[in-house]
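The next block holds one structure in the form of structure tokens; read it before the comments.
The values are calculated or read from the model by the stated rules, or taken from the named source; none is laboratory data. Since we're looking at a predicted model, the values are computed, not measured. Reconstructed Cβ throughout: ideal geometry from the backbone, glycine too, with neighbour counts over all protein chains shown. Side chains are part of the model used for accessible areas, which takes the heavy atoms of the whole protein and leaves out ligands, DNA and RNA. Shrake-Rupley method; radii C 1.70, N 1.55, O 1.52, S 1.80 Å.
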Amino acid sequence: MRCALVTGGTGGIGRAICDMLAAENYTLALTYNKSKEKAAEMIEGYQSRGINCIAVEVDLSEKNGADKLLKSLEGFPRPDTVINNAGEACMKLLCDTDDAEAERIMRINFFTPMKLIRELSRSMVSRSFGRIVNISSMWAKAGSAGESVYAASKAALEALSKSLAKELGASGITVNCVAPGLIDTNMNACLERAAIDEIVSNTPVRRMGTPADVASVVRSLVSEESSFVTGTVIPVTGGFAV
């Protein structure tokens, strides 16, 4: 029985990924920070279908967030699939971003995924099987004025993923990134209509993406059939910046 950990499991993309994994009968651990009612509703729905699942309340931007999560997973089946989806944007010019904000963004977008992979990959190595998918962003490659710290944190995550693919490949573990473009989620709800329209006008498919668009790529990467796909960054952008 496959077991997955999905961080940020109650968000738009996170929930789509969790729904997809539950539909394929994964044992499932998901994290949330503030969406307690949504997490409870998801767990109740999954359990009613016979899915073994838990929701862990944790702030992964905290310095000890990863340690708290790992402690909460004790006694639960060890994941063979890790999807680092939890993330936070920082829509500010660098000159307006203080150290505390920058450190928080780097922790949740880079250091926490790194720590989780470091600890959870140990059991994957012992089993000679594992799937790790890190959710990046199209801005990691393209850069984004006003989101420099966010873009840098995601670029670091992509570099980590490529290096880990080389470290872990001989142990049957794949490590990949999915880099979404403009997706219709709460994270992007703060964008002005003009900004959305500009991105859409430069997107060949002429629309925003959906969480399901991202989840479908994740589903392919975590499958047992994708053992020859590793070290990749797959853009889910509708062709933006092609």
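Of THR203, SER161, ALA215, which is farthest on the positive side of the dipole of the chain, counting Cα position, with +1 on Lys and Arg Cβ, -1 on Asp and Glu Cβ, and the Cα centre as origin?
The Cα lying farthest towards the positive end belongs to SER161.
How do ARG206, ARG219, ARG131, ARG15 stack up against each other in accessible area, from largest to smallest, with a 1.4 angstrom probe? Walk me through the numbers on the way to the answer.
Working: ARG206 145, ARG219 105, ARG131 5, ARG15 65 Å².
Listed by decreasing accessible area, they come as ARG206, ARG219, ARG15, ARG131.
Considering all alpha-carbon pairs of the stretch 1-65, what whole percent are spaced by more than 19 angstrom?
Numbers: 467 of 2080 pairs.
Counting every Cα pair in the stretch 1-65, those more than 19 Å apart make up 22 percent.
Once the Cα gyration tensor of the stretch 102-150 is diagonalised, what are the square roots of 5 times its eigenvalues, in whole Å and ordered largest first, as equivalent ellipsoid semi-axes? Kindly include the intermediate steps, with their values, before the conclusion.
Working: eigenvalues 158, 34, 5 Å².
Taking √(5λ) for each eigenvalue gives 28, 13, 5 Å, largest first.
Specify the residue with the greatest mean-square fluctuation among ARG104, ARG193, ARG207, computed from a Gaussian network of the chain linking alpha-carbon atoms under 10 Å apart.
The residue with the greatest mean-square fluctuation here is ARG193.
Helix 12-23 against the longest principal axis of the chain: what's the angle in degrees, Cα atoms only, rounded to the nearest 10?
In the chain, helix 12-23 runs at an angle near 30 degrees to the longest axis.
Report, as a whole number in µm² per second, the diffusion coefficient that Stokes-Einstein gives for the stretch 59-195 at 37 °C and 0.692 mPa s using the Kirkwood radius over alpha carbon pairs. Please report the intermediate quantities before stating the final value.
Details: Rh = 15.8 Å.
The calculation lands on 208 µm²/s.
Quickly estimate the mean residue ellipticity at 222 nm for the chain, helices only: each DSSP H run with n ≥ 4 gives -39500 (n - 2.57), and the total goes over all residues, rounded to 500.
About -13000 deg cm²/dmol.
On the principal axes of its Cα set, how long, how wide and how thick is the chain? Give whole Å, largest value first.
Projected onto the principal axes, the Cα atoms of the chain cover 47, 40, 38 Å.
Quick one: net charge around LYS92, please, counting Lys, Arg +1 and Asp, Glu -1 for every other residue with C-beta under 10 Å from its C-beta.
Numbers: positive: none; negative: ASP96, ASP98, GLU101, GLU147.
Net charge in that neighbourhood comes out at -4.
When the dipole is taken about the Cα centre of the chain, and only Lys, Arg (+1) and Asp, Glu (-1) are charged at their Cβ, what size is it in debye, to the nearest 20?
On the way: 26 positive and 28 negative charges, 123 e Å.
Magnitude of the dipole: close to 600 debye.
Tally up the carbon and sulfur contribution to the accessible surface of the stretch 1-135 as a whole percent, 1.4 Å probe, everything protein left in place. Mind dumping the intermediate values first?
Values: 3020 of 6100 Å².
Solvent-exposed carbon and sulfur of the stretch 1-135 make up 50 percent of the total.
Please work out, to two decimal places, the log10 of the ratio I(q)/I(0) at q = 0.11, 0.21 Å⁻¹ from a Debye calculation in which every Cα of the stretch 115-225 carries one identical scatterer.
Relative scattering, expressed as log10 I(q)/I(0), comes to -0.44, -1.17.
Which FRET efficiency value, to the nearest 0.05, do you get for CYS95 and ASP197 by plugging their Cβ-Cβ distance into 1/(1 + (r/R0)^6) with R0 = 45 Å?
On the way: r = 27 Å, r/R0 = 0.61.
That gives a FRET efficiency of 0.95.
Nearest 10 degrees is fine. How inclined is helix 36-48 to the longest principal axis of the chain, computing both from alpha carbons?
Compared with the principal axis, the helix lies near 40 degrees.
Might you tell me the accessible area per residue for the chain, computed with a 1.4 Å probe and given in Å²?
On the way: 11440 Å² over 242 residues.
Solvent-accessible surface per residue comes out at 47 Å².
Around LYS63, with a cut-off of 11 angstrom between Cβ atoms, what is the net charge of the other residues, counting Lys and Arg +1 and Asp and Glu -1?
Details: positive: LYS68, ARG104, ARG107, LYS115; negative: ASP59, GLU62, ASP67, GLU103.
Residues close to LYS63 contribute a combined charge of 0.
Could you calculate the FRET efficiency of ASN64 with SER226 from 1/(1 + (r/R0)^6), where r is the beta carbon distance between them and R0 is 25 Å, rounded to 0.05?
Working: r = 33 Å, r/R0 = 1.32.
It comes to 0.15.
If I fit a long axis through the Cα atoms of helix 148-168 and take the longest principal axis of the Cα atoms of the chain, what angle between them do I get, 0 to 90°, rounded to 10?
40
Gain in length, LYS71 to VAL205, computed as 0.36 nm per residue apart minus the alpha-carbon separation, to one decimal in nm? Show your work: numbers first, answer last.
Details: separation 134, 0.36 × 134 = 48.24 nm, distance 4.34 nm.
Gain in length upon complete extension: 43.9 nm.
Ignoring ligands, DNA and RNA, please state the percent of accessible area on the stretch 144-228 from carbon and sulfur, probe 1.4 Å.
Values: 2190 of 4210 Å².
Carbon plus sulfur share of accessible area: 52 percent.
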